[in-house]
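Let me begin by presenting the structure, written as structure tokens, before commenting on it.
The values are calculated or read from the model by the stated rules, or taken from the named source; none is laboratory data. Model, not experiment: these values are computed from the prediction. Positions of Cβ are generated from backbone atoms using ideal geometry, with glycine treated the same way; all protein chains shown enter the neighbour counts. Keep in mind that these areas ignore ligands, DNA and RNA; they rest on the heavy atoms of the full protein, side chains included. Shrake-Rupley method; radii C 1.70, N 1.55, O 1.52, S 1.80 Å.
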Amino acid sequence: MGRKIFSVEQDYNASISQVWAAISDKSQMKLWYFDLEEFKLQKGFQFSFIGQGATGEKYIHLCEITEVVPEKKLQYGWKYKGHVGTSLVTFELFKEARKTRLKLTHEGLETFDQHNPDFASANFEAGWTELIGNLLRVHLEGK
């Protein structure tokens, strides 16, 4: 079985510093992502949040920052409390004329329980597409 990687790219009518703040400042993250109790931009910092599966099951996401390059790259490990599997989420920012391009990559999806429909690749694809393509866009551009 090969490595499962999901990737999505999106351009925003916003500066790199605005997009960076949206993905790294917990007061902004709660407006489009998850409401984190604490978040610090430092390698090794651990944070968690609760998400919900298709049938209402609650999943505690356990994350640890693995890399921070200000206004360029944010990466963290992502796993679920009480479940097998560890994945890696990477946000990368690129200047595109008057816009900023964000590339999100989520790799290691195959390490999660493939018999649990909540961990199906299609669910990660749908979730990230909604977060990056819709909620973050509305947060940054107001539309």
query: Listed highest first by mean packing, meaning other Cβ atoms within 10 Å per residue, what order do 105-113, 29-37 come in?
result: 105-113, 29-37
field: Rg/Rg_ref, the chain, where Rg_ref = 2.2 N^0.38 Å and atoms are Cα
entry: 1.02
message: As I understand it, the dipole of region 32-109 uses +1 on the Cβ of Lys and Arg and -1 on the Cβ of Asp and Glu, about the Cα centre. Which of VAL89, GLN52, TRP78 lies farthest toward its positive end?
response: VAL89
- request: Leaving out ligands and nucleic acids, note down the accessible area per residue over the chain with a 1.4 angstrom probe, in whole Å².
  value: 54
- line: Carbon plus sulfur, as percent of the 1.4 Å-probe accessible area of region 80-123, comes to 51
- request: Would you list, by chain and number, the lysines whose Cα falls below 20 Å from the Cα of LYS4, excluding same-chain residues fewer than 8 positions away?
  value: LYS79, LYS103
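As a test of reading the structure, rank ARG3, ARG101 by solvent-accessible area (1.4 Å probe, protein chains only), most first. Before the final figure, lay out each step's value.
Working: ARG3 130, ARG101 55 Å².
So, going from the largest accessible area down, we get ARG3, ARG101.
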task: For helix 121-130, report the angle its Cα long axis makes with the longest principal axis of the Cα atoms of the chain; keep it between 0 and 90° and round to the nearest 10°.
output: 30
Cα gyration tensor shape for region 19-91, rounded if a/c is under 1.5, else prolate or oblate: oblate
- prompt: Separation between the GLU125 and LYS43 pseudo-spin-labels, each 7 Å from Cα along Cα→Cβ, expressed in nm?
  reply: 3.4
query: List the aspartates and glutamates whose alpha-carbon lies under 14 Å from that of LYS99, not counting same-chain residues fewer than 8 positions away?
result: GLU9, ASP11, GLU71, GLU141
field: Cα centre as origin, Lys/Arg/Asp/Glu Cβ charges: the chain dipole, Debye
entry: 380
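Kindly provide the helix-only [θ] at 222 nm of the chain, computed as the sum of -39,500 (n - 2.57) over DSSP H runs of four or more divided by all residues, to the nearest 500 deg cm²/dmol? Mind showing how you got there, number by number?
Numbers: 4 runs with 32 residues, N = 143.
Result for the chain, helices only: -6000 deg cm²/dmol.
Would you mind computing Rg(Cα) / (2.2 N^0.38 Å) for region 86-143, counting N as its residues? Don't skip to the end; give the middle numbers.
On the way: Rg = 13.9 Å, N = 58, 2.2 N^0.38 = 10.3 Å.
It is 1.35.
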Magnitude of the charge dipole, region 42-87, Cβ model with Lys/Arg +1 and Asp/Glu -1, debye to 20: 40
